[in-house]
Amino acid sequence: MKNFIYANPTKIIFGKGMIANIASEIPVTSKVLMLYGGGSIKANGIYDQVMNALQNHEVLEFSGVEPNPHYETCLKAVEMIKKHDIDFLLAVGGGSVLDATKFIAAVAQFVGQNPWDILVKHGNNIETALPFGAVITLPATGSEMNSGGVITRASTEEKLAFSSSNTFPQFSVLDPETTYSLPRKQISNGIVDAFVHVVEQYLTTGTENNPLQDYMAESILKVLVHEAPTLMQDDHDYESRANFMWAATWALNGWIACGVEEDWSTHMIGHELTALYGLDHAQTLAIILPGLLQVMKTQKAKKISQLGKTIFNIHETNEDAQLDSTIQAIEQFFHSVGVKTYLSDYGLNAESITPIVDRFRERDWKLGERGNIMADQVNEILKLRL
Ligand code: NZQ
Ligand code: ZN
């Protein structure tokens with residue numbers, strides 16, 4: 001097991017009707033900025049629940065945070081914060097609203113000249129941030145209980161991630177009933193995103209003897225695979241939504257990463273597909289992961305085989321067959337929740353790959369648990385997914 005330091009300060013407030021609790025989590029003397037997206041919270045009644053809870057607070061609003069939140073939008077919110085002396089932020093929405101809120105909280109107190117530096121330095125230069133809480137309405141990203149965020153600069157088509165110990169939510173409300181209004185596509189996306197988060201912390205080599213992390217990761221994957229058919233039926237099954245929501249949170253709250261190697265290359269390659277071609281985050285992951293596992297099959301053999309056995313009950317006698325069947329089972333799982341797995345499914349072709357590979361070459365990123373996924377491997381992975 002690798003050495004690690006783990007602290008997670010986010011208070012989780014879980015269950016139906018729990019949005020009312022935010023009243024006692026935010027000091028009544030605060031001037032609150034409530035941030036939200038394109039209006040889903042008005043249609044499904046979450047906006048009213050939040051406003052009722054905060055009737056004794058002074059609340060201003062910032063709406064229009066887009067999916068894959070834009071840097072440019074975040075800077076507008078920071079202007080508003082400075083103009084109105086806001087001292088507490090409340091994100092109400094999916095991962096995009098929450099990621100934007102984290103970034104806005106950091107920029108509002110950033111002493112540097114250029115806020116984009118926060119993303120260039122992956123958040124290492126965030127010294128302090130405004131306090132904030134969240135009401136999460138889409139199980140997927142784990143943003144509700146982690147310190148990370150991903151921001152897109154529309155003008156340059158760049159999408160970069162940051163994290164900092166200063167950008168954990170103080171609290172997050174997880175009410176499974178908020179997910180009832182989700183379009184099926186977003187449920188599918190959430191299942192795939194959470195699944196891939198676990199895989200990127202579990203399916204690595206170099207720290208083989210971590211049974212606690214392995215069992216935990218496998219438990220999260222099992223819950224996702226078990227609940228997926230019910231979730232896809234759209235019948236507002238509370239227990240199923242609750243299990244999904246909690247599993248998505250655990251998939252990326254840092255716990256299963258303790259003491260193990262991580263490989264975030266599926267995410268890093270996927271972010272380029274979103275930045276350049278506008279695919280949803282989870283759509284990119286479903287395309288990349290099967291290709292990445294094929295290209296890194298030898299290195300990751302032991303864990304691919306373990307995943308096949310424990311999650312999909314695959315027990316081939318031939319090792320190569322075990323690995324291939326497992327990779328196929330993962331892809332089949334993505335199909336079963338309605339997410340496509342090829343670039344051509346989205347009208348992309350060999351030409352679409354070139355700018356992505358060029359970016360990896362320019363940045364000279366060395367990804368994967370052994371730092372051996374570079375531009376050439378990215379090219380190989382993407383070609384397999386045409
Ligand atoms: O904008 P509104 O009107 O709220 O609609 C949203 C949006 O159109 C809608 N939605 C959310 N909750 C809803 C709902 N519609 C009906 N009912 C509800 N209860 O869903 C659409 C997508 O929302 P978005 O927040 O963009 O989705 P998601 O939660 O999947 O977040 C994706 C973003 O998170 C980043 C991704 O890169 C992407 O930018 N990630 C953040 C991570 C983190 N902070 O740790 C990790 C992830 O790997 C991911 O990279
Ligand atoms: Zn993700």
Q. Rounded to a whole number, what % of the accessible area of the chain do carbon and sulfur atoms account for, probe 1.4 Å?
A. 49 percent
**Q.** Tilt relative to the chain, helix 184-202 - C-alpha long axis, 0 to 90 degrees, to 10
**A.** 60 degrees
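Rank-order 87-98, 335-346 by packing density, defined as the average count of other C-beta atoms within 10 Å over each peptide's residues, highest first.
On the way: 87-98: 27.2, 335-346: 16.8.
Per-residue Cβ counts within 10 Å, averaged per peptide and sorted highest first, yield 87-98, 335-346.
Relative to the compact-globule scaling 2.2 N^0.38 Å, provide the ratio for the alpha-carbon radius of gyration of the chain. Can you show the working numbers first?
Numbers: Rg = 20.4 Å, N = 386, 2.2 N^0.38 = 21.2 Å.
Normalised Rg, Cα atoms only: 0.96.
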Q. Measuring from label point to label point, each 7 Å out along Cα→Cβ, what is the A329 to E66 span in nm?
A. 4.1 nm
Q.
Modelling each spin label as a point 7 Å along the Cα-to-Cβ direction, I'd like the Y342/Q170 distance in nm, to one decimal.
A. 5.1 nm
Q: In debye, nearest 20, what is the charge dipole magnitude of the range 11-178 about its Cα centre with +1 on Lys and Arg Cβ and -1 on Asp and Glu Cβ, if you could check?
A: 80 debye
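Given the convex hull of the Cα atoms of the range 35-117, what is a quarter of its surface area in nm²? Intermediate values should be presented prior to the final figure.
Values: hull surface 21.7 nm².
Across all orientations, the range 35-117 yields a mean hull projection of 5.4 nm².
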Q.
Could you put F312, F334 in order of accessible surface area, largest first, with the 1.4 Å probe and the full protein assembly present?
A. F312, F334
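What number comes out for accessible area per residue over the chain if the probe is 1.4 Å? Units Å², please.
With all protein chains present, the chain gives 40 Å² per residue.
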Q: Could you please report the charge total around A286, scoring K, R as +1 and D, E as -1 over all other residues with beta-carbon less than 12 angstrom from its beta-carbon?
A: -2
Q: Per residue of the range 71-83, in order, report the coupling 6.51 cos²θ - 1.76 cosθ + 1.60 (Karplus, θ = phi - 60°) as ³J(HN,Hα) in whole Hz, putting x for Gly and Pro.
A: 3, 4, 5, 4, 5, 5, 5, 5, 4, 5, 4, 5, 5
Q) What FRET efficiency, computed as 1/(1 + (r/R0)^6) with R0 = 35 Å and r the Cβ-Cβ distance, is obtained for K31 and N3, rounded to the nearest 0.05? A) 0.25
Q: Please work out the C-alpha center-to-center distance from the range 221-246 to the range 45-91 and express it in whole Å.
A: 30 Å
Q | Kirkwood hydrodynamic radius of the range 184-384, Cα pairs, Å | A | 17.2 Å
Q) Going by average Cβ neighbours within 10 Å, how do the peptides 277-288, 162-173 rank, with the highest at the top? A) 277-288, 162-173
Q. Given the rule -39500 (n - 2.57) for each run of at least 4 DSSP H residues, summed and divided by the residues of the chain, what is its mean residue ellipticity at 222 nm, to the nearest 500 deg cm²/dmol?
A. -15000 deg cm²/dmol
Q) Taking the mean number of other Cβ atoms within 10 Å as a proxy for protection, how do you rank 103-114, 225-236, 185-196 from highest to lowest? A) 185-196, 103-114, 225-236
Q: Calculate, for M80 and K309, the FRET efficiency according to 1/(1 + (r/R0)^6) with r their C-beta to C-beta distance and R0 56 Å; round to the nearest 0.05.
A: 0.60
**Q.** More than 20 Å apart - percent of Cα-Cα pairs taken over the range 11-178
**A.** 45 percent
**Q.** Hz values of 3J(HN,Hα) by residue in the range 255-268 - Karplus curve (6.51, -1.76, 1.60), Gly and Pro given as x
**A.** 5, 6, 8, 5, x, 10, 6, 10, 9, 9, 5, 4, 5, 5
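By how many nm would the segment from D117 to Q233 lengthen if fully extended, with 0.36 nm per residue of separation less the alpha-carbon distance? Don't skip to the end; give the middle numbers.
On the way: separation 116, 0.36 × 116 = 41.76 nm, distance 4.38 nm.
Using 0.36 nm per residue and subtracting the Cα-Cα distance, I get 37.4 nm.
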**Q.** Of K121/K159; K222/K309; K297/K340; K31/K76; K297/K366, those spanning more than 20 Å from alpha-carbon to alpha-carbon
**A.** K297/K340
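The values are calculated or read from the model by the stated rules, or taken from the named source; none is laboratory data. Note that the structure is a prediction, hence the values are computed from the model and not measured. Cβ atoms come from the backbone with ideal geometry, glycine included; neighbour counts cover every protein chain shown. Remember, those area values only see protein heavy atoms, side chains included, never the ligands or the DNA or RNA. Shrake-Rupley method; radii C 1.70, N 1.55, O 1.52, S 1.80 Å.
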